[in-house]
1. Residue check: is Asp37 open to solvent by 40 Å² or more (accessible area, probe 1.4 Å) and among the acidic types (Asp, Glu)?
2. Any residue in the range 12-24 that's of a type in the set (D, E, K, R): show its pairings with residues that are crowded, with 16+ Cβ neighbours inside 10 Å at Cβ separation under 6 Å, as long as the two are six or more apart or on different chains.
3. Given the conditions (1) within 15 Å of the chain's Cα centre (by Cα); (2) at positive phi, report the number of the one that Glu94 does not fulfil.
4. In the range 86-106, which residues are in a strand (DSSP E or B) and either modelled with pLDDT under 95 or surrounded by fewer than 23 Cβ atoms within 10 Å (Cβ to Cβ) (or both)?
5. Could you list, in sequence order, the residues of the range 67-85 that are in contact (Cβ under 8 Å) with a residue 60 or more places away in the chain, open to solvent by 20 Å² or more (accessible area, probe 1.4 Å) and either of a type in the set (A, V, I, L, M) or in a strand (DSSP E or B) (or both)?
6. Which residues, taken from the range 131-142, are closer than 19 Å to Val56 by Cβ and either surrounded by fewer than 22 Cβ atoms within 10 Å (Cβ to Cβ) or under 9 Å from the mean Cα position of the chain (by Cα) (or both)?
7. Could you check Val21 against (1) under 15 Å from the mean Cα position of the chain (by Cα); (2) surrounded by 19 or more Cβ atoms within 10 Å (Cβ to Cβ); (3) modelled with pLDDT of 95 or more and say which number it fails?
8. Which residues, counting only those in the range 1-18, are hydroxyl-bearing (Ser, Thr, Tyr) and at pLDDT below 95?
Amino acid sequence: MSVRPIRLFGDPVLRGGSAEVVDFDSGLRALVRDLWDTMESHGGAGLAAPQLGEPVRVFAYHCAGYAGHLVNPSLRPLDEQPRVGPEGCLSVPEVDRLCPRYRTVLVRGWNMHGEPVEVVGSDLLARCLQHETDHLDGLVFLDRLDESSGGPARHEPARHEPAQHDQARNDRGDRSFDRARPATEQDPYSSFGGAH
């Protein structure tokens, strides 16, 4: 297990954006394992490489019963209007705000072995995928808020999400990795364990 320090809001690495991964090698696999171990140790729903000081396009997630990781993700909303719901961040500890996010998104990328991955996420999983993709673009969730009110971001009409999102911080489902349902075709054991 390799738990690494999480970079906090104000650290320049969180604002610099991330480079595309070009080498799907042992270094990438070690980074994915570090992301997973650190995320689980801190009770997070997701963790992006810049939060560990690594400015590359990789994140791990374990949210709403789904688990996996994405390398070089590209994200597309599948609905038209964002909705607001509670959100927090391991890099901004003890701060929760209502943040606008799309309800359903499609994310395409690769796993750490260079195999294509496609994830369609809704509700809490969609919120997590958008949050982590933002980190790869040098954004934190506070950037999506209205500075004066902490409400929805400017120009984005937003509706409140269903009541189930009021428990977003505590609703990750079963936390044990062996019982999480992968949102992708990844097998958690072959992806994270063994000699890859």
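The values are calculated or read from the model by the stated rules, or taken from the named source; none is laboratory data. All values derive from a computational prediction rather than experimental measurement. Reconstructed Cβ throughout: ideal geometry from the backbone, glycine too, with neighbour counts over all protein chains shown. These accessible areas exclude ligands, DNA and RNA; they are computed on the full protein's heavy atoms, side chains included. Shrake-Rupley method; radii C 1.70, N 1.55, O 1.52, S 1.80 Å.
1. Values: open to solvent by 40 Å² or more (accessible area, probe 1.4 Å): no; among the acidic types (Asp, Glu): yes.
For Asp37, the condition - open to solvent by 40 Å² or more (accessible area, probe 1.4 Å) and among the acidic types (Asp, Glu) - is not met.
2. These pairs meet every condition: Arg15/Gly138; Glu20/Arg57; Glu20/Asn72.
3. (1)
4. Applying the first criterion (in a strand (DSSP E or B)) to the range 86-106 yields 86-89, 92-101, 104-106.
Once the filter is applied, which keeps residues that are in a strand (DSSP E or B) and either modelled with pLDDT under 95 or surrounded by fewer than 23 Cβ atoms within 10 Å (Cβ to Cβ) (or both), the range 86-106 yields Pro86, Gly88, Val92, Pro93, Glu94, Val95, Asp96, Arg97, Leu98, Thr104, Val105, Leu106.
5. Listed by number, the list holds a single entry, Arg83.
6. Within the range 131-142, the subset closer than 19 Å to Val56 by Cβ is 131-140.
Of everything in the range 131-142, those that are closer than 19 Å to Val56 by Cβ and either surrounded by fewer than 22 Cβ atoms within 10 Å (Cβ to Cβ) or under 9 Å from the mean Cα position of the chain (by Cα) (or both) turn out to be His131, Glu132, Thr133, Asp134, His135, Asp137, Gly138, Leu139, Val140.
7. All conditions pass for Val21, except number (1).
8. Our first condition is that a residue be hydroxyl-bearing (Ser, Thr, Tyr); within the range 1-18, this holds for 2, 18.
Within the range 1-18, just Ser2 meets the criteria.
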